[in-house]
1. How many residues are over 19 Å from Q71 (Cα atoms) and of a type outside the set (A, V, I, L, M) if we restrict to the stretch 94-118?
2. With a cut-off of at least 1 residues that are free of Cβ contacts under 8 Å to residues at least 60 places away in the same chain and under 22 Å from the mean Cα position of the chain (by Cα), name the strands (runs of 3 or more DSSP E) lying wholly within the stretch 118-161.
3. Please determine, by comparing only the residues of the stretch 315-333 that are open to solvent by less than 70 Å² (accessible area, probe 1.4 Å) and modelled with pLDDT of 65 or more, which one is nearest to L121 (Cα to Cα).
4. When the residues of the stretch 35-60 are narrowed to those that are free of Cβ contacts under 8 Å to residues at least 24 places away in the same chain and surrounded by 12 or more Cβ atoms within 10 Å (Cβ to Cβ), which ends up farthest from R85 (Cα to Cα)?
5. Of all residues in the stretch 124-136, which are of a type outside the set (S, T, Y), at pLDDT 95 or above and either over 30 Å from I365 (Cα atoms) or open to solvent by less than 10 Å² (accessible area, probe 1.4 Å) (or both)?
6. Would you mind telling me which numbered condition in (1) touching a Ser or Thr at 6+ places or on another chain (Cβ under 8 Å); (2) modelled with pLDDT under 90 A310 fails?
7. Which one of the conditions (1) hydrophobic (A, V, I, L, M, F, W, C); (2) within 24 Å of Q307 (Cα to Cα); (3) open to solvent by 40 Å² or more (accessible area, probe 1.4 Å) does L66 fail to meet, given that it meets all the rest?
8. Could you figure out which of (1) in contact with a Gly (Cβ under 6 Å, 6 or more places away or on another chain); (2) open to solvent by 70 Å² or more (accessible area, probe 1.4 Å) isn't true of V312?
Amino acid sequence: MDSNDLTPEVLRRLRKPRTYPAVSLTIPTHRRDPRNDGDPVRLRNVLADAVHRMEADPDISKAACLAVKSQLNQAGAEVDLRHKRDGLLILADADEHQVWYLPRETPESVVISDTYLTRNLVAATAQRHRYWVLSVAADRATLWSGDGESLHEHRADGFPMTAPEETWDVEREERIGDTPSTFTDEETRKFLRSVDDALTAVLATRPGPFHLVGVAPALALLEDAGSTARSAAGRLAKGGLTDGPAPVLWKAIQPVVRQYARSEETEVLAKLGDARGRRTFAAGLDEVWEAVRGRRAGLVAVEEHFQRSARVGDGHLIPVDGEDEAALGREVQDDIVDELVESALDGGAQVVFLDDDVLAGHGRIAAMLRY
């Protein structure tokens, strides 16, 4: 499954207590040659390590071990390394298994517990720069979901939408520069009002920034006919794209998406600057971790590829590297940043991933505090 499939309901089900043992495997994967040649070997080794640990655990019966081993074998067979991303998460207990492809690098780890490890999945989901694209013409509207790397048409919630009657090929006329008089027609206004209403309903359950695509008269009439369209994060005045295809629409919308990302980053940095002036600011792994634990963080900003191993000592988070990490064993948490992100989201904080080095002066991670 893709991390886009993680909904609050799915997450609640994954977090529920399970009969011991519940196994969670995380594996870094590589999208391109030559580093991805070792991914199949790494996968086999991690699966074998999980089985070895279960067999050596006196609290796990032989029957339970065999049941989970069967699920792990099925999961391993289902992994499609041709379509991998930056990380792989495998979850298995005696009754089920799941394979999740993550757009975020994960450490290589095996966790055996009575719950699944979800922090890598939650962090990867939070990292994705999700957005919507509404492509409109006078007689047709399509909605697309994007995650920063691709677009997928959203074929639900009334989309795609087509006006009740079509008397001409509107998009063809738009492409050749002949803007039809339908933009002054009340039926067109009514249709675009229904498009705006449908978009409003989608955003109510799956909020996120959205961008509009269409010829200028269609965009102007859409914004005039409804209310939601007026708050678009970006606009692209170009016709002929209501039916994509997805790669063409994705390529066309990227300058608009990047411009919005830059403006969002500027806004986040401004908020952090204001927080420093009001002394409601935390920086560095330990300070932010304490703020998140106390549910005082309202906004957490972290560099996109920031990852650290750490342990807890005397109530503080202590980074661990190299030989110390191996010596301390289970005291060390390989993915403390992902765990922090999951805790922040659970505490109601907004989590924003920024470009690398943007927070270099603040230990790669910073937070705006509620108090």
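The values are calculated or read from the model by the stated rules, or taken from the named source; none is laboratory data. Keep in mind that what you see is a predicted model, and the values were worked out from it rather than measured. Quick reminder, even Gly has a Cβ in these numbers, built from the backbone with ideal geometry, and neighbours come from all protein chains shown. Surface accessibility is based on the protein's heavy atoms, side chains included, excluding ligands, DNA and RNA. Shrake-Rupley method; radii C 1.70, N 1.55, O 1.52, S 1.80 Å.
1. Result for the stretch 94-118: 6.
2. By residue number, 140-146.
3. Looking at residues that are open to solvent by less than 70 Å² (accessible area, probe 1.4 Å) and modelled with pLDDT of 65 or more, I get Q333.
4. The first filter runs over the stretch 35-60 and keeps only residues free of Cβ contacts under 8 Å to residues at least 24 places away in the same chain, leaving 35, 37-38, 41, 45, 48, 51-52, 55-56, 58.
Narrowing further to those that are surrounded by 12 or more Cβ atoms within 10 Å (Cβ to Cβ): 38, 45, 48, 51, 55.
Values: G38: 14, N45: 19, A48: 22, V51: 25, E55: 31 Å.
The residue in question is E55.
5. Hits for the stretch 124-136 are V133, L134, V136.
6. Only one criterion in (1) touching a Ser or Thr at 6+ places or on another chain (Cβ under 8 Å); (2) modelled with pLDDT under 90 is unmet by A310, namely (1).
7. (2)
8. Of everything listed in (1) in contact with a Gly (Cβ under 6 Å, 6 or more places away or on another chain); (2) open to solvent by 70 Å² or more (accessible area, probe 1.4 Å), V312 misses just condition (1).
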